[in-house]
Amino acid sequence: MSFFYLMHLFFCYLCPQKINIFIFFIMKKAFLSLLALTMAMAAAASTIPVKGQIVKPSDPRIVYTGRISFANPDAPTFTYPGTQIIASFYGTSLKMMAKPKSGYFMAQIDGAEPFKVGFNAPRDSVVTLAMALPDGQHTVRLMYIVEGLDLKPVFRGFILDQGRSLADAPQLPERKIEFIGNSITCGYGNESIDKNNHFEYETENHYYSYAAEAARQLDAQHWVVARSGIGIYRNYNGPRTGNKDCMPAQYEYTLFNEFKQRWDFSRFQPDLVCINLGTNDLSTPNFDIKLFDQAYRKFLATVRGHYPKAKIVLLTGCMLNGKEMELQRKTLDQIKEDANKNGDYEVYRFDFTPQTGELYYGADWHPSLWQHQKMAAELTAYLRVLMNWF
């Protein structure tokens, strides 16, 4: 029997009704105070750091690839898929910290089979990447695999075994590729096998895109500037006169749709640039092929200005067919030919095989995982010869 209940009986027996009411309010106030104390203790417990050795994102032994804003060195922010975080560490376990609702990453430990991890709940800020490893040195590779425009992901560091540390920074491949593209390059819907499905973060996985797979086969770094629905002059189903927020407008900045921090192109000078744009410009009626041609030529000049020594390959995707496909190919052929005639001999052309559904479709008719594998095989074979990367 509780103390408060005994006191209640005692005063009920000895005191009149007014005293009973007075005691009731005292009991109620005590109960609320006890409840507030309990809640405060629970809140304090929830803020207790996870046990282990915390490694901040600014640690120089962490290697990053991709367009990342380091405006706050301990809260690196990014929006493009394909962004990577790589580190070697000592110990038996590893946890990762990120802003809640940052989205999905693919994680790989010591070259083992990669696996997907997600930060998708409002308080989901720590994810275990490895435990019960043999005590020693290990390497983790993380790749952001979705488009982060709305999620605004932030990496917040690692947690190691207590008293352990990172090892020296891992070496990156010397070969460097930049992919500029749209939803195909992002990996939109490639983990779906139903063309009637629509966009979901759960079915987008850039790790299995043609771009990421080709880079792995070629042992190259790959940096990505890509967004679903984007075009050279006209975004998906945009007006005939075009959109102002197409790739040429976005390309100069670190984060998509944030026109504050300009990208420092000296941070990454690729050997090769693959541009896979045009599907959105031409996939719905009401496009102007002359405006497309003019915008593409201007953007090519911009890319060349930033990367004077790179080979640049103008790609056509696998989603167009018929008249639109032929128009795109003809236009890019002419742009490439004119660039060569004007002295830029390092502009090239490559066409992916159009998809037929034989390898299934991803969400919204996008290439499936199997189609991406086919695309990667086609592009890899072409680039090995072009770059002499054997």
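Structural remarks
- Taken over region 171-183, the criterion of being part of a loop (DSSP other than H, G, I, E, B) and touching an Asp or Glu at 6+ places or on another chain (Cβ under 9 Å) is satisfied by PRO173, GLU174.
- The residues in region 108-121 that are more than 22 Å from ILE177 (Cβ to Cβ), surrounded by fewer than 20 Cβ atoms within 10 Å (Cβ to Cβ) and touching a strand residue (DSSP E or B) at 6+ places or on another chain (Cβ under 9 Å) can be counted, and the count is 7.
- Qualifying residue in region 230-239 (condition: surrounded by 16 or more Cβ atoms within 10 Å (Cβ to Cβ) and under 20 Å from the mean Cα position of the chain (by Cα)): yes
- Residue match in region 197-216 (condition: open to solvent by 10 Å² or more (accessible area, probe 1.4 Å), under 30 Å from GLY91 (Cα atoms), without any contact (Cβ under 8 Å) to a residue 24 or more places away in the chain and basic (Lys, Arg)): yes
- When ASP74, ASP59, ASP124 are checked against the criterion of being open to solvent by less than 70 Å² (accessible area, probe 1.4 Å) and at pLDDT below 95, ASP124 stands alone in meeting it.
Table: residues versus (1) in contact with a His (Cβ under 9 Å, 6 or more places away or on another chain); (2) closer than 16 Å to GLU178 by Cα; (3) part of a loop (DSSP other than H, G, I, E, B).
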position	(1), (2), (3)
GLU324	no, no, no
LYS330	no, no, no
GLY357	no, no, yes
ASP364	yes, no, no
LYS374	no, no, no
ARG384	no, yes, no
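- The residues of region 62-71 that are open to solvent by 30 Å² or more (accessible area, probe 1.4 Å) and over 15 Å from the mean Cα position of the chain (by Cα), listed by number, are PHE70, ALA71.
- Yes/no for ASN286 being in a loop (DSSP other than H, G, I, E, B), within 27 Å of PRO354 (Cα to Cα), of a type outside the set (A, V, I, L, M, F, W, C) and open to solvent by 10 Å² or more (accessible area, probe 1.4 Å): yes
- In region 80-101, the residue that is farthest from the chain's Cα centre (by Cα) out of those that are open to solvent by less than 10 Å² (accessible area, probe 1.4 Å) and closer than 28 Å to VAL273 by Cβ is ALA87.
- Qualifying residue in region 304-315 (condition: surrounded by 13 or more Cβ atoms within 10 Å (Cβ to Cβ) and part of a helix (DSSP H, G or I)): yes
- Residues that are touching a strand residue (DSSP E or B) at 6+ places or on another chain (Cβ under 8 Å) and either β-branched (Val, Ile, Thr) or surrounded by 24 or more Cβ atoms within 10 Å (Cβ to Cβ) (or both), drawn from region 217-229: HIS222, VAL224, VAL225, ALA226
- Residues of region 127-138 classified as assigned to a strand (DSSP E or B), under 14 Å from VAL50 (Cβ atoms) and open to solvent by 40 Å² or more (accessible area, probe 1.4 Å), total: 1
- Given (1) in contact (Cβ under 8 Å) with a residue 12 or more places away in the chain; (2) within 21 Å of the chain's Cα centre (by Cα), index of the condition ARG262 fails: (1)
- Within region 332-355, considering residues that are in a loop (DSSP other than H, G, I, E, B) and open to solvent by 50 Å² or more (accessible area, probe 1.4 Å), the one farthest from TYR296 (Cα to Cα): THR353
- The residues listed here are ASP168, ASP150; of these, the one that is among the acidic types (Asp, Glu), part of a loop (DSSP other than H, G, I, E, B) and in contact with a Ser or Thr (Cβ under 8 Å, 6 or more places away or on another chain) is ASP168.
- Counted as qualifying within region 207-279 are the strands (runs of 3 or more DSSP E) with 2 or more residues that are touching an Asp or Glu at 6+ places or on another chain (Cβ under 9 Å), namely 220-226, 258-262, 272-276.
- Among (1) in contact with a Lys or Arg (Cβ under 8 Å, 6 or more places away or on another chain); (2) over 27 Å from TYR210 (Cα atoms); (3) surrounded by 15 or more Cβ atoms within 10 Å (Cβ to Cβ) - the single one ALA169 does not satisfy: (3)
- Taking (1) surrounded by fewer than 17 Cβ atoms within 10 Å (Cβ to Cβ); (2) without any contact (Cβ under 8 Å) to a residue 60 or more places away in the chain in turn, GLN294 satisfies each apart from (2).
The values are calculated or read from the model by the stated rules, or taken from the named source; none is laboratory data. Being a predicted model, the structure only gives us computed values, none of them experimental. Don't worry about glycine lacking a Cβ; one is built from the backbone with ideal geometry, like all the others, and counts go over all protein chains shown. In case anyone asks, the SASA skips ligands and DNA or RNA and just uses the protein heavy atoms, side chains included. Shrake-Rupley method; radii C 1.70, N 1.55, O 1.52, S 1.80 Å.
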